[in-house]
Structures are given as C-alpha cells and as structure tokens.
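Enquirer: Structure below; questions to follow.
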Amino acid sequence: PNPPLSVASVATLAQGLWPPLSTHHADEQLSRHAQVVIPGMGSAQTDSAEGETMRFRLMSWNVLAQGLVDDGFVLARAGESTQGLCERLQATAIVGKKVREAHKQAETTKGKFKPDAGFAKEVVMDWADAPPMLKEDWDGHMAKEKQDLEDLSNWSLRGPRIIDEIIRESPDIVVLHECDKYEFFCEALAAHGFTSSASGSTDIYSSLKTERLKQDADYCASLQDLVCAGLAFAPKRDSTSRRFATKAAALAGDTSYVPDDDGTAVFWRHDTFRAVGLQVRAFGKTVDTAAIKVRLAREGSGHEVDILGFHLPSGPEKEDRRHVCLRELISWYKETKIPTSGSEHKDVPLVLAADLNSDVWFEHEADGTCSHRILTEEWGLRSVWQDSVALPASVLKMRGVASNQPTKWGELMVETIDYIACSAGKMTFESRGDYPTWTKEERQRVRAMEDQEAISRYLIPSNSVPSDHRPVVAIVDL
C-alpha cells in the first residue's frame, strides 16, 4: 500500500491533479465534482482470459445512523405475544392518523408549525375514542417506548452486531448508507480484511473531519479533500443525524463526544481489490449530500468495476425530488470518466448500490414513472429487483409517539427501497438470513396489519437486524 497521506500532502496532491474546487465556484457543476487517480496504482497488469468473468459478493446496507437510532421506532418486546405487539402497532397507527389530521386542521388557524409529543398528547386527551392504552397512561406509554430503545441506542452493543452481520454475509464489497461512525467501521472492518482507503490507511480522516465540521467549512472542498486522501466516504452536510446526536450529547452533559455527519462509505477486501480511482459528486438542490464512486481493480486480472453509492431523500412527497437527483447523477455519470493509468479506454462496468427511498412498486402519478424505472430505463441498468413478482422487503418498521418525526407516526412501512443494479453482466439476490418476500397482494395484507404473524416475525429494528433496513446482498457476475 502507498504510505498514509498527511493533511499537508492532501493539498499538494489536489493541486497536482486539478485546481482546487473552491476556485471554481462560479461553475456550479465543477464545484460539485471531484475526482482523483491514485498515483502509482493503475489498472491491473494481467490480461484477463477471453470469456473470463469477474464474480464478487456485494452488500448494500443502510445501517441506520446512530444519531437517528432512538427516533421512536416501535420494537417488539421480549415475551410479548403477536397479538400484544399488533395491538400496540394498531393503536399507534390510529393515533398517528388522528394527530396528522388535527395538525392539518390546526395549521389553518395557527399557521405552519411542527407537531411534537406535547401536541399529540393534547389531541389524545381531547379525543373521546382514543385507544385506552394511550389515553389512560400517555406518559407511561411514551416512557416505555423510549426504554425499549435503550439497548438499540447503545453503540457498544449495536456496532459490533452490525459488524457481525456484515461478516456473516461474507461480502467482497460493502456499501454502507447513513454511516455516521466511519472511523469505527474502518477500524472494525480492517480486522476482517476490509479497507475504505486507496492508500491502505484511514488515519488522516480524524483531521479531515475536524476541518469539515468547522462552521465556515466549504462542503464541496471538504469532499475533495476526502477523495484526495483516497478515502471512499461521502458524508452529508450538516446532517440531521449529527444535529440530533449533538443535542443528545449536550443533554447528557458529554462535552468530549463530537458526532459526525452520516453518509455513504465503500469498503472492499484489500487482498481481492485495490482502488485505482475515486470520484465524488455533491447533488440535489440544496447540495447537502453526495455520491461516491470507486473504481476497483481485481488483483491478478485485467478486470475493473465502478462501485457507485448514494442515498436519496425520504418521504413519498419527495419522489419528484428523487427523480431530479437521479437525472442529475446520470448526467454526471455519463459525462465524467476516471482516467485510470495504464488501462485501455474501454467501458468499465458500473455497479450501483443505493438507498433510493422509493419503493420498487411506487406509483407516481405526476410524471408516470418512478425511481426504479428511471434506473432501468434512463440509466439503462439491470436492477436486482427487475421483473420480480415477489419482492424481498428491505424495510418493515413503524415509528411511534416517541419519534422526532411526527408526520411518520403510526405508518407501517413495508417497502423495497434498497437497490443493487449493474450496467453489464448479471446479478443474483442472496441472503443467508430469513428475508421477508411477498407479492403485491401479500405485502398489502401486511401493511393493512392483516398478516400479524409476518409483522411479529419481520418487524425491525430487532435483535437480529440492528437497523431499520435489512441488508441487500447480491452475487455479481461481470
């Protein structure tokens, strides 16, 4: 591996590759983009045999940012019956709908405001037909839900469980979303043969994080610094998870803890692949999130692959925004190339691993398409979910009244919003765990809480799945 880069050498390396992005802010497209070819690390030298394919196992997983982990998820309790759990979920759904209706009505006279637990309590107390378990002991119910989250909120327990799940799935490449513990994952996964650094070291990240979190830091320039340091991590700007974690630390009186922004990180087995190029692209109207693309060369062969990871905004009302983001990213992807030293100028296959926050079966009436169709039709990619009659659900969760997102209270989310797609070859979805897979009709029964056994079995987060998303794993043959 190349020697670790110092903070000073990052600036030197950047100047040697392209002018600093901060000097080009008049050009919005350029200011959002950075790329680097890793010096001395060109394409693999061995020509691949004719007809030879490259096979690897890829995991894409939204691991749930630690800053968001206590956001009121309704969890199954030890020893709780299926009926008892579903009664709690149904009561939460009824209250959530009532609170949203009351909030909408209240805004007609009070103007725009964000409802909180206090507002919800007033609605429930004034509601004659409110579910008894909530009306009779609102404070006790909320306290119990927060208590349920204590173990999940304990990173010393949850972090190792995430690592255990990754290692159990035995991937060659891992793409993590909502990663706000990048340093932890770098260290923990290194013990199992993974790296997220083109140089083999991530020691410089702490210094770059300190610079990035300064109040006057330039977000796009900070992304450039990460790429120049050879780090495959694209954090968000002033993320919600960091704001929540900062507030929680202050309430706990912890002045030493400095929360990080969550983002998308790529890891690979260093004895199997090496990074020969990195690109990052800040995108979206508010320019507060970014996509990361890593070109990996397979050791001992002439094969290369581009791994692209990103995370789109959530909420069904943001589907139009997701479409804009996807079209912006496809334009960037088509217009930019990583000029890898020593390689022939041939198309390098792309494998995308993303949390689109848009269900495969999402029906968007505004423009007659959906995010999944944009991937397959406009990007021209083959999705791992394409043509599936029964879909694995990567999400089955509900937020309760302890959540900081009151507009999501009581919504039982049953979705497939995590994707792997490729521009060539083929993919096969794989999971060594118990993965819920349903047709549209079967999924609707779950969403309507008619299939209570399925809900009890697959509700997450849980002891076996320490996130609000299940990992998606695919065998990729290129």
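The values are calculated or read from the model by the stated rules, or taken from the named source; none is laboratory data. This is a predicted model, so every value here is computed, not measured. Please note: Cβ atoms are built from the backbone with ideal geometry, for glycine as well, and neighbour counts cover all protein chains shown. Each accessible area value is taken on the protein alone, full model and side chains, heavy atoms only, with ligands, DNA and RNA left out. Shrake-Rupley method; radii C 1.70, N 1.55, O 1.52, S 1.80 Å.
Enquirer: So Ser222 fits all but one of (1) in contact (Cβ under 8 Å) with a residue 12 or more places away in the chain; (2) assigned to a loop (DSSP other than H, G, I, E, B); (3) touching a helix residue (DSSP H, G or I) at 6+ places or on another chain (Cβ under 8 Å); what number is the exception?
Expert: Unmet condition: (2).
Enquirer: Follow-up. I'd like to verify a number: residues in segment 329-359 that are over 22 Å from Met54 (Cβ atoms), modelled with pLDDT under 95 and in contact with a strand residue (DSSP E or B) (Cβ under 7 Å, 6 or more places away or on another chain), how many?
Expert: The number of residues fulfilling the criteria is 2.
Enquirer: Could you grab me the full set of residues in segment 279-298 that are over 19 Å from Arg269 (Cα atoms) and not polar (S, T, N, Q)?
Expert: Val280, Arg281, Ala282, Phe283, Gly284, Lys285, Val287, Asp288, Ala290, Ala291
Enquirer: Go through (1) open to solvent by less than 40 Å² (accessible area, probe 1.4 Å); (2) out of contact with any Gly (no Cβ under 8 Å at 6 or more places or on another chain); (3) touching a residue at least 12 places away in the same chain (Cβ under 8 Å); (4) part of a helix (DSSP H, G or I) for Gly140 and report which single condition fails.
Expert: Looking at each condition in turn, Gly140 falls short on (3).
Enquirer: Mind checking which residues of segment 59-69 are at pLDDT 95 or above and either buried (at least 24 other Cβ atoms within 10 Å of the Cβ) or assigned to a helix (DSSP H, G or I) (or both)?
Expert: Once the filter is applied, which keeps residues that are at pLDDT 95 or above and either buried (at least 24 other Cβ atoms within 10 Å of the Cβ) or assigned to a helix (DSSP H, G or I) (or both), segment 59-69 yields Ser60, Trp61, Asn62, Val63, Leu64, Ala65, Gln66.
Enquirer: Hey, another quick one. Which condition does Arg432 not pass, out of (1) open to solvent by less than 50 Å² (accessible area, probe 1.4 Å); (2) among the charged types (D, E, K, R); (3) within 24 Å of Leu152 (Cα to Cα), if it passes all the others?
Expert: Unmet for Arg432, out of (1) open to solvent by less than 50 Å² (accessible area, probe 1.4 Å); (2) among the charged types (D, E, K, R); (3) within 24 Å of Leu152 (Cα to Cα): (1).
Enquirer: Pick from Gly302, Gly263: which is open to solvent by less than 10 Å² (accessible area, probe 1.4 Å) and in contact with an Asp or Glu (Cβ under 9 Å, 6 or more places away or on another chain)?
Expert: Gly263
Enquirer: In segment 118-132, which residue that is surrounded by fewer than 18 Cβ atoms within 10 Å (Cβ to Cβ) and small (Gly, Ala, Ser) is modelled with the highest pLDDT?
Expert: Ala128
Enquirer: Mind listing whichever residues of segment 149-168 are open to solvent by 40 Å² or more (accessible area, probe 1.4 Å) and of a type in the set (D, E, K, R)?
Expert: Within segment 149-168, Glu150, Asp151, Arg161, Asp164, Arg168 meet the criteria.
Enquirer: Residue by residue through segment 383-394, note down the ones that are within 20 Å of the chain's Cα centre (by Cα) and farther than 23 Å from Ser462 by Cα.
Expert: Matches in segment 383-394: Ser383, Val384, Trp385.
Enquirer: I've got another one for you. Looking at Ala402, is it open to solvent by 30 Å² or more (accessible area, probe 1.4 Å), in a loop (DSSP other than H, G, I, E, B) and of a type in the set (A, V, I, L, M, F, W, C)?
Expert: Against the criterion (open to solvent by 30 Å² or more (accessible area, probe 1.4 Å), in a loop (DSSP other than H, G, I, E, B) and of a type in the set (A, V, I, L, M, F, W, C)), Ala402 does not qualify.
Enquirer: Could you check Ala221 against (1) open to solvent by 10 Å² or more (accessible area, probe 1.4 Å); (2) more than 20 Å from the chain's Cα centre (by Cα); (3) more than 18 Å from Gly263 (Cα to Cα); (4) not polar (S, T, N, Q) and say which number it fails?
Expert: The failed condition is (3).
Enquirer: Return the pair list, or none, for Cβ contacts closer than 6 Å from residues in segment 83-104 that are touching a residue at least 40 places away in the same chain (Cβ under 8 Å) to residues that are open to solvent by 30 Å² or more (accessible area, probe 1.4 Å), at least 6 apart or on different chains.
Expert: These pairs meet every condition: Leu85/Ala76; Leu85/Ser456; Cys86/Gln452; Ala91/Met133.
Enquirer: Return the only residue of Lys98, Lys146, Lys104 being open to solvent by 30 Å² or more (accessible area, probe 1.4 Å), in contact with a Phe, Trp or Tyr (Cβ under 9 Å, 6 or more places away or on another chain) and part of a helix (DSSP H, G or I).
Expert: Of Lys98, Lys146, Lys104, the one residue that is open to solvent by 30 Å² or more (accessible area, probe 1.4 Å), in contact with a Phe, Trp or Tyr (Cβ under 9 Å, 6 or more places away or on another chain) and part of a helix (DSSP H, G or I) is Lys98.
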